[in-house]
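The structure appears below as structure tokens.
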Amino acid sequence: MPESRRGVLYGIAAYSMWGLFPLYWPLLKPSGALEILAHRITWSLIVVVAILVARRHWSWLRELLRTPGKLGLLVLAAMIVTVNWGVYIYAVNTGHVVESALGYFINPLVSVLFGVVLLKERLRPWQWGAVGLGSLAVIILAVDYGRPPWIALVLAVSFGTYGLVKKIAQVGAAESMTVETLVLLPPALGYLLYLQQQGTGTFGTTGAGHALLLAGAGVITAVPLLCFTAAALRVPLTMMGLLQYIAPVLQFLCGVLVAHEVMPPSRWVGFAVVWLALSLFTWDSLRAAREARARRPKTPEPEPEPVTA
């Protein structure tokens, strides 16, 4: 199988698993959002350390310790991803799956804004149009909800910030996740021990199946991340940009079809404007990539060697 096709399959697998997360977290009730988050951090560390042990890949750690700047960025990334994970688990388990999907729909537009504000990147006119439509959609949905869609905004901003920090840090997926979860382990373990001491922890007290599901939170966190890394190494960035919409589409369908969340007409209008903004953004990105390829000088073919008798 060609590497490019293999990369697309890895990308589809990663984003599909992320998109189906809303089906998993409700299975962990009666655990609360904070307890689930603490287990997710703890078991994720165990999974990624096991992966690194299997690969016998530890040379990166010495280099990382020599660059405190990168280490500081990963500590910051750990704090940001904690907010993202916690709010997402809370949203799914309190009946806000559709709003969480909205956060990941508008995340690409937030990332574009970060590029303009923080990295001094310049936007093309169509990109500005997409950002404007995205802002209009947030206003429409704020009127519909009777409040700003804070869950969506926190998820979009936190994940966009996380991506920006990781881009600057330039550390591999398993390696960075090891450091991030290691930073978060003391408060996570401390909270779990506190719950068990108080008799309110659910691990081991609500059956073996529930304990396995809590431990599985680490697996379902690490596996899609590794698939994503494998995809990013094999396919162009434009293809990854298209594949990323699989996750919020599946999350949205989970909210509407499985959780049966209410979708009044005004909310459909807001989501339609979001999808229009993303369509415009995607079309412009593909057009710009095509034009860049067309301007790229072609490598001259080597002249055939003379045939000798």
Where residues in region 189-215 are under 12 Å from residue 39 (Cα atoms) and without any contact (Cβ under 8 Å) to a residue 12 or more places away in the chain, which of them is surrounded by the most Cβ atoms within 10 Å (Cβ to Cβ)? 211
Options 98, 110; residue that is in contact with an Asp or Glu (Cβ under 7 Å, 6 or more places away or on another chain), closer than 24 Å to residue 275 by Cα and crowded, with 17+ Cβ neighbours inside 10 Å: 98
Filter region 146-156 down to the residues that are crowded, with 19+ Cβ neighbours inside 10 Å and more than 18 Å from residue 113 (Cβ to Cβ) and list them by number. 151
Residue count, region 62-75, condition more than 23 Å from the chain's Cα centre (by Cα), free of Cβ contacts under 8 Å to residues at least 12 places away in the same chain and in a helix (DSSP H, G or I), comes to 5
Candidates 50, 54, 78, 91 - the one that is more than 30 Å from residue 153 (Cβ to Cβ), assigned to a helix (DSSP H, G or I) and at pLDDT 85 or above: 50
So, first residue surrounded by 10 or more Cβ atoms within 10 Å (Cβ to Cβ) in region 284-307, second residue in a loop (DSSP other than H, G, I, E, B) and at pLDDT 80 or above, Cβ within less than 8 Å, six or more apart or across chains; the pairs are 284/124; 288/124
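Quick one: which residue in 59, 31 is in contact with a helix residue (DSSP H, G or I) (Cβ under 9 Å, 6 or more places away or on another chain) and small (Gly, Ala, Ser)?
31
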Selected residue (only one of 111, 176, 135 is hydroxyl-bearing (Ser, Thr, Tyr), assigned to a helix (DSSP H, G or I) and farther than 22 Å from residue 86 by Cα): 135
Subset of region 157-172 [crowded, with 18+ Cβ neighbours inside 10 Å and either at pLDDT below 90 or aromatic (Phe, Trp, Tyr) (or both)]: 159, 160, 161, 162, 164, 165, 166, 169, 171
Picked from region 253-266 (must be at pLDDT 90 or above and assigned to a helix (DSSP H, G or I)), the residue farthest from residue 139 (Cα to Cα) is 258
Any pair with Cβ under 7 angstrom, 6 or more apart, that starts in region 118-131 at a residue that is closer than 16 Å to residue 291 by Cα and ends at one that is at pLDDT 75 or above and of a type in the set (D, E, K, R): 124/284; 126/284; 127/284
How many of the residues making up region 250-281 are surrounded by fewer than 17 Cβ atoms within 10 Å (Cβ to Cβ), within 17 Å of residue 134 (Cα to Cα) and aliphatic (A, V, I, L, M)? 3
Which one of the conditions (1) under 14 Å from residue 184 (Cβ atoms); (2) surrounded by fewer than 21 Cβ atoms within 10 Å (Cβ to Cβ); (3) small (Gly, Ala, Ser) does residue 33 fail to meet, given that it meets all the rest? (1)
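The values are calculated or read from the model by the stated rules, or taken from the named source; none is laboratory data. Nothing here was measured: the structure is a model prediction, and the numbers come from that model. Virtual Cβ from ideal backbone geometry, glycine too; neighbours counted across all protein chains shown.
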